[in-house]
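Derivation of every value follows stated rules applied to the coordinates shown; laboratory data play no part. Remember, it's a predicted structure, so these values are computed and weren't measured experimentally.
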Amino acid sequence: MFTPKYPPQDTAPAPTTATPTAHSPVPYAPVPPVPSSNRPTVQLTPGSTLTLVASGGALVLVVGAVLVSMLLAVAVTAASVAVCAVVVRSILKSDRR
């Protein structure tokens, strides 16, 4: 189960190397020009720019509110644990006397 299973070896024939007999220039075909893209370009109008800015600002406010609320929850939890530790310590201290 844990032994590795290797794929079978490749059975392709070995590549042959061609030895050039004489130095002759190789005729290359000219490279065709790259066709221009037919995709439409994005046109930003003042209205769409304003919409993008407003939605980005709203996103920043929402993410900020979520992060602040998470930080506040951690702070409240830490304070309550600290208060509980003080109370338990005082109870244990009073029992010893």
How many times 2.2 N^0.38 Å is the alpha carbon radius of gyration of the chain? 2.94
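Test of understanding: what is the full-extension gain from Thr3 to Ser55, defined as 0.36 nm times their sequence separation minus their Cα-Cα distance? Could the numbers behind the result be given before it?
Numbers: separation 52, 0.36 × 52 = 18.72 nm, distance 5.56 nm.
Between Thr3 and Ser55, full extension yields 13.2 nm more.
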Computed [θ] at 222 nm, helices only, for the chain once each DSSP H run of length n ≥ 4 contributes -39500 (n - 2.57): -19500 deg cm²/dmol
For the stretch 56-97, what is the Kirkwood estimate of the hydrodynamic radius, computed as the reciprocal of the mean inverse distance between distinct Cα atoms, to one decimal in Å? 12.7 Å
